[in-house]
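Below is one structure; the comments refer to it alone.
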Amino acid sequence: MVAQEFTVDLHAPLAFQVGHLGEAYDQWVHQPIVCKESPRFFKSDFCEFLTRTVWWAIPVVWLPVVCWSISRSVLMGCTFPQVAVMVPSGMFIWTLLEYIIHRFLFHIKTKSYWGNTAHYLIHGCHHKHPMDGLRLVFPPAATAILCIPLWNLSKLVVGPLMAPALFGGELLGYIIYDCTHYYLHHGHPSINSARNLKRYHMNHHFRIQTLGFGVTSSFWDWILETLPPKI
């Protein structure tokens, strides 16, 4: 007996449907639907609200945390030259984390019901509906969870005195990443470097999803040999 292939109803909440796709999920999620209409994930209005985030919420919520964090290092005795090293270092560390998270978590292969469901909610939805402006940046609650290991990593690397400044740089790198990501999808860059970056990222969405994991730059793709072939 041949099992009947599951079909996703795009007019019904998607979150608990996609798991039924099984091994077919990876192919389905990488066939993008290009529209600005935001699909519904959950029947619950409250759960649905938590999945939608306007882009400007990212700097509004997290820039004050960046300023507070850097100021903590200064108040604890960290010198300005040390801060001037820690903040850019944190931003650079974020670019590597951006690449690692995108490549190894966001593009993990799943086929189980809950694996497919979790992947869709974390990143698969973005590949299925790449122009959905309300599900393009991280919800603040998800970022807050990510901040916990990031803070602990900062303390482990540089100690408690300089950790807030390093963490502030990492968080600033994240803000730049998320705002850049939104702009690459919805902006109309006039500068060549920005146009090239937009083309690079759209290539990841619509041509070769298994390469080109950098968003703010192609640096780590170049270093780790995941550059897509030139068009």
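The values are calculated or read from the model by the stated rules, or taken from the named source; none is laboratory data. Here the structure is a predicted model, which is why all the values come from computation and not from measurement. Cβ coordinates were reconstructed from backbone atoms using ideal geometry, including for glycine residues, and neighbour counts include every protein chain displayed. Heavy atoms of the whole protein, side chains included, go into the accessibility calculation; ligands, DNA and RNA do not. Shrake-Rupley method; radii C 1.70, N 1.55, O 1.52, S 1.80 Å.
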Determine whether region 149-160 contains at least one residue that is aliphatic (A, V, I, L, M), under 27 Å from S69 (Cβ atoms) and under 14 Å from the mean Cα position of the chain (by Cα).
no
What number of residues within region 100-111 satisfy the criterion of being out of contact with any His (no Cβ under 9 Å at 6 or more places or on another chain) and surrounded by 18 or more Cβ atoms within 10 Å (Cβ to Cβ)?
1
Report yes if A118 is farther than 22 Å from S154 by Cβ and out of contact with any strand residue (DSSP E or B) (no Cβ under 7 Å at 6 or more places or on another chain), otherwise no.
yes
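Residue by residue, here is whether (1) out of contact with any strand residue (DSSP E or B) (no Cβ under 7 Å at 6 or more places or on another chain); (2) surrounded by 18 or more Cβ atoms within 10 Å (Cβ to Cβ); (3) modelled with pLDDT of 95 or more holds:
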{"position": "F49", "(1), (2), (3)": "yes, no, no"}
{"position": "C67", "(1), (2), (3)": "yes, no, yes"}
{"position": "E98", "(1), (2), (3)": "yes, yes, yes"}
{"position": "Y113", "(1), (2), (3)": "yes, no, yes"}
{"position": "M131", "(1), (2), (3)": "yes, no, no"}
Could you tell me which residue of region 133-171 is most open to solvent (accessible area, probe 1.4 Å), considering only residues that are among the charged types (D, E, K, R) and within 30 Å of F206 (Cα to Cα)?
R135
I'd like to check something: does region 96-117 contain any residue that is without any contact (Cβ under 8 Å) to a residue 60 or more places away in the chain and over 30 Å from L21 (Cβ atoms)?
no
Failed item, numbered, when S73 is tested on (1) in contact with a Leu (Cβ under 7 Å, 6 or more places away or on another chain); (2) among the polar types (S, T, N, Q); (3) open to solvent by 40 Å² or more (accessible area, probe 1.4 Å):
(3)
Taking the conditions exactly as written (farther than 22 Å from S69 by Cα and open to solvent by less than 40 Å² (accessible area, probe 1.4 Å)), does H186 satisfy them or not?
no
Looking at region 200-221, is at least one residue among the polar types (S, T, N, Q), assigned to a helix (DSSP H, G or I) and surrounded by 18 or more Cβ atoms within 10 Å (Cβ to Cβ)?
no
